[in-house]
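The structure is given below, and queries will be raised subsequently.
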């Protein structure tokens, strides 16, 4: 069954909307890309209007900003410590926006969306 990003079938009150049309191609969605720790692997996905997104499947390094020195460092990701999106993502080492990762220079919070931006940017805690 196709994933759709169309309007909900129900009103805020709980009543149903009458279905006027079926699923449309422009409402089509995709499965979530679960970026994991590993050897770098990415995929190009065509978006609406011909735009291209770089989907990160696996990643090994992150661009970490040290807020005191205002400098970026490319460091290796060691582990996933915390993930506000889903508590089960910690065990599976899945990186999303807001994830707290362990690096060689300290813990950092991911500020980019790896499944859409193609990079992992983070700020040192």
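Please specify each residue of the range 96-111 satisfying the condition of being at pLDDT 95 or above, surrounded by fewer than 18 Cβ atoms within 10 Å (Cβ to Cβ) and within 13 Å of residue 61 (Cα to Cα).
102
Give the residue, chosen from 93, 117, that is at pLDDT below 95 and over 23 Å from residue 44 (Cβ atoms).
Only one candidate qualifies: 93.
Same structure, new question: When residue 80 is evaluated against the numbered criteria (1) closer than 30 Å to residue 4 by Cβ; (2) touching a strand residue (DSSP E or B) at 6+ places or on another chain (Cβ under 7 Å); (3) not in a helix (DSSP H, G or I), which criterion, by number, is the only one it fails?
Of everything listed in (1) closer than 30 Å to residue 4 by Cβ; (2) touching a strand residue (DSSP E or B) at 6+ places or on another chain (Cβ under 7 Å); (3) not in a helix (DSSP H, G or I), residue 80 misses just condition (1).
Next up: Tell me, which strands (runs of 3 or more DSSP E) lie completely within the range 1-71 with 2 or more residues that are on the phi < 0 side of the Ramachandran plot, over 18 Å from the mean Cα position of the chain (by Cα) and surrounded by 14 or more Cβ atoms within 10 Å (Cβ to Cβ)?
So the answer is 61-66.
Among residues belonging to the range 79-104 that are in contact (Cβ under 8 Å) with a residue 40 or more places away in the chain and within 12 Å of the chain's Cα centre (by Cα), point out the one that is farthest from residue 123 (Cα to Cα).
So the residue we want is 89.
Can you report the number of residues in the range 1-48 which are within 30 Å of residue 94 (Cα to Cα) and either in contact with a strand residue (DSSP E or B) (Cβ under 7 Å, 6 or more places away or on another chain) or touching a residue at least 12 places away in the same chain (Cβ under 8 Å) (or both)?
Going through the range 1-48 one residue at a time, the tally reaches 28.
The values are calculated or read from the model by the stated rules, or taken from the named source; none is laboratory data. Every value quoted in this text rests on a predicted model; they were computed, and no experiment measured them. Neighbour counts are summed over all protein chains in view; Cβ atoms, including those assigned to glycine, are modelled from backbone coordinates with ideal geometry.
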